[in-house]
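The values are calculated or read from the model by the stated rules, or taken from the named source; none is laboratory data. As the structure is a computational prediction, the values presented were derived from the model and not from experiment. Backbone-built Cβ (ideal geometry, glycine too); neighbour counts: all protein chains shown.
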Number of protein chains: 2
Amino acid sequence: MTTDTALPPTPDYDAWPIEARLQAVESSPRQVSVRWSDGRVSRYHSIWLRENAADDTTVNPATRERILDLSTLPAWPEIANAEIDGSGALCIDFVPEERRLRFHPGWLRAHDYDNAADDEAPLVPVTTWRGGPGERPDSLDASGLLDSEPGDDAEEAILAPALEAILGKGLARLRNLPTEPGSLEAIARRIGPVRPTNFGQLFDVRAKPEPDSNAYTSIALPPHVDLPTREYHPGLQCLHCLENSVAGGEAVMLDGFAVAEALRERDPQAYATLTRVRWRFANTARTTDHVWHAPMIRLDARGELLEVRIADFLRGPLQTDFAEVEPAYEALMALQRLLREPEFAIRFTYQPGDLVIFDNRRLLHARDAFEGDSGHRWLQGCYLERDEIRSRYRMIQRARRQRRIGAEER
Amino acid sequence: MTTDTALPPTPDYDAWPIEARLQAVESSPRQVSVRWSDGRVSRYHSIWLRENAADDTTVNPATRERILDLSTLPAWPEIANAEIDGSGALCIDFVPEERRLRFHPGWLRAHDYDNAADDEAPLVPVTTWRGGPGERPDSLDASGLLDSEPGDDAEEAILAPALEAILGKGLARLRNLPTEPGSLEAIARRIGPVRPTNFGQLFDVRAKPEPDSNAYTSIALPPHVDLPTREYHPGLQCLHCLENSVAGGEAVMLDGFAVAEALRERDPQAYATLTRVRWRFANTARTTDHVWHAPMIRLDARGELLEVRIADFLRGPLQTDFAEVEPAYEALMALQRLLREPEFAIRFTYQPGDLVIFDNRRLLHARDAFEGDSGHRWLQGCYLERDEIRSRYRMIQRARRQRRIGAEER
């Protein structure tokens, strides 16, 4: 037993409470096995431990990014001795390097790949939903958001449930926000940087004299995702209502995953076709020319729903095998019939100060036509990547862990 | 034969020269077959023609986006009559709609899916490359770029070969550009909007007192892509040299696709492992927390190389099946041996006014350590999406087609 009494650093800036203590350790040259105070046993590989050490030869202490180049080690790192030190850390002597390195038990336990929870599980469980008459999106009072300080409790009290709703249901409706034009940028920045496009940093959704998108007219828009013409269509969309005094223009939102699941159930052949046929999405505009090919329903490596890419007005001429064309259109029309069914849609009228944030790779949005001369309807919008919302939510989780550590130490 | 003598519009803003004339047409209710003046025969489906018409009931004439909702048609559109009109356009009577629609022959020929060229073929053929001592990146004199007008001949003369190099080889080196800080933004905007990140709109690559990335120190950086911790790491990276008077700091570029191909050849098992194991990429920093899981080598649906995601200093602790861990590290070390071989690398020293633009999902970049007190080394960087470069290049192709049509009409 060594005499260290202070826990070693972790290789990152995160906070790792001690959920269980290390009680026993056994090792062979290439593996170590530890027993925790709650009886769990975890094995770690020597090479994994070596490259995830937190000392200054492995990690740049300022950036907490790795500086070790594994290929410069004299040989595959092996364990000469393993023990639990006076602080409760795992302490290992590596050969042939002749280096003693210590591992924080909270960090080790949180990265226990031997008893792994699914490391790729979503941060918040994903729940698909249906709408129907009278259904409304979850609403959150966000009136204090811009008066809060980034990272403070007031901000967290608003952002945490909003991010959970977006991660889980794909959608949150924040209410009572300012209606100053441009204020969306400061609001979005509470989550992360905005992803600009050829439509600008923020885009104005209102009837314009020379529209470069059907969104900028007063006509109805069918259920769609934005920018399906991109290699990766934006992960999140924000729509912020500044004015709304027109007749019509009701907003519609559908869970694209729920629609896809219903199609799989009711018309498995159409579903299979839409996961296979690569449609041509195109916006061959005056000054830009965006084209991308993708199926309307994309599955991940495990066969789970990954994203939908549906936007009738941004489909270009289908270019696929001749024999696939009629089945493709049959499947498309089966999908369109589902999209028109009221059971999937939630409908609401934007009030000034409303901000709807939704997953643009999962949800579909639509709007009814409105009477342009009956008043003003002005939304401002922007895009963010889903990375930003996950990063922001992980920071909230980290702050909660830090408070737990603080409470334990008091 | 109708008496129309002017060609109909096309459903987009593109330019479609008449490569061949329509000479004969035959139809059944759901298909039409045309013979062109060069003998080619092309078939089109009735429903495909109907939804790709260019009239005002199908396409919003201002946005050229579709307004037709197929599901509102009374039935599957069928062809009652098909003929070639006086302008050379295909003219079709649709039932039960009772609507006559005309199709531009240049547009029809360019979207001939019955004799399809691969619509997803890259805009410029992709050629993998190796480096080796003395190899340098292609250099282009871009001194006139910021004095040109967007879209004029002078801009096209600089951008066209640069975009071709980036699309084909993944890399272009533009030289003799301004060295004013911030000028990168105006340069990048000639291609498209910048993708900002938590490191800013532009980021400064130089040794900083409180670095939040190893890039912002003077240490060597191993071959890597930027931001592998994102769901979609940026498609393009720009690095613009403002100052470089240090000893060391030579830049290194490798074609990640060439390295992956060499690995597939020399160590197929390591290659297979790296296409399968999902590494954890993580940047658990002070104020952001980005995590993504992906294989280091990603293949598309056809088994072709899609992207590489390699960055040793942004790999977090691997969380995968226990039995996969040793094979994963063995494969990683095989890859790292290849990355160190001089045959893959091109090396060069940044001169002030150089701008290197490269595909950040294909190329790896690295740099030697430099002596921070021997002078100044200051690069500014930014990211764009690959969509932007493709859109910009398609606009150049469109301008070329428009000039061809203009020349034919003169």
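A few comments on the model shown:
- Selection of the stretch B:337-354 for residues being touching a residue at least 40 places away in the same chain (Cβ under 8 Å), within 13 Å of residue B:366 (Cα to Cα) and within 14 Å of chain A (Cβ to nearest Cβ) yields only B:339.
- Listing of strands (runs of 3 or more DSSP E) fully contained in the stretch A:1-92 that carry 1 or more residues being facing chain B (nearest Cβ under 9 Å): A:41-45
- For the stretch A:254-301, the candidate set comprises residues that are surrounded by 18 or more Cβ atoms within 10 Å (Cβ to Cβ), within 11 Å of chain B (Cβ to nearest Cβ) and out of contact with any strand residue (DSSP E or B) (no Cβ under 8 Å at 6 or more places or on another chain); within that set, the residue that is nearest to residue B:122 (Cα to Cα) is A:288.
- Residue A:308 hydrophobic (A, V, I, L, M, F, W, C) and either in contact with a helix residue (DSSP H, G or I) (Cβ under 7 Å, 6 or more places away or on another chain) or surrounded by fewer than 20 Cβ atoms within 10 Å (Cβ to Cβ) (or both): yes
- Any hit, the stretch B:370-390, residues being surrounded by fewer than 17 Cβ atoms within 10 Å (Cβ to Cβ) and acidic (Asp, Glu): yes
Residue-wise test of (1) part of a strand (DSSP E or B); (2) hydroxyl-bearing (Ser, Thr, Tyr); (3) within 14 Å of chain A (Cβ to nearest Cβ); (4) out of contact with any Asp or Glu (no Cβ under 6 Å at 6 or more places or on another chain).
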site: B:188; (1), (2), (3), (4): no, no, yes, yes
site: B:193; (1), (2), (3), (4): no, no, yes, yes
site: B:209; (1), (2), (3), (4): no, no, yes, yes
site: B:215; (1), (2), (3), (4): no, no, yes, yes
site: B:222; (1), (2), (3), (4): yes, no, yes, no
site: B:227; (1), (2), (3), (4): no, no, yes, yes
site: B:230; (1), (2), (3), (4): no, no, yes, no
site: B:239; (1), (2), (3), (4): yes, no, no, yes
site: B:243; (1), (2), (3), (4): yes, no, no, yes
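- Strands (runs of 3 or more DSSP E) completely within the stretch B:341-386 that count 3 or more residues being under 25 Å from residue B:178 (Cβ atoms), at pLDDT 95 or above and not hydrophobic (A, V, I, L, M, F, W, C): B:377-384
- Answer from A:380, A:402 - the residue that is more than 14 Å from chain B (Cβ to nearest Cβ) and of a type outside the set (Asp, Glu): A:380
- Any pair with Cβ under 8 angstrom, 6 or more apart, that starts in the stretch B:309-320 at a residue that is more than 7 Å from chain A (Cβ to nearest Cβ) and more than 22 Å from residue A:109 (Cα to Cα) and ends at one that is in a helix (DSSP H, G or I) and of a type in the set (Gly, Ala, Ser): B:310/B:256
- Of the numbered criteria (1) aromatic (Phe, Trp, Tyr); (2) surrounded by 20 or more Cβ atoms within 10 Å (Cβ to Cβ); (3) over 15 Å from residue B:71 (Cβ atoms), the one residue A:313 fails is (3).
- Residue under evaluation residue B:204, criteria (1) in contact with a strand residue (DSSP E or B) (Cβ under 7 Å, 6 or more places away or on another chain); (2) crowded, with 21+ Cβ neighbours inside 10 Å, criterion not met: (2)
- Number of the condition not met by residue B:349 [criteria: (1) closer than 17 Å to residue B:221 by Cα; (2) touching a helix residue (DSSP H, G or I) at 6+ places or on another chain (Cβ under 9 Å)]: (2)
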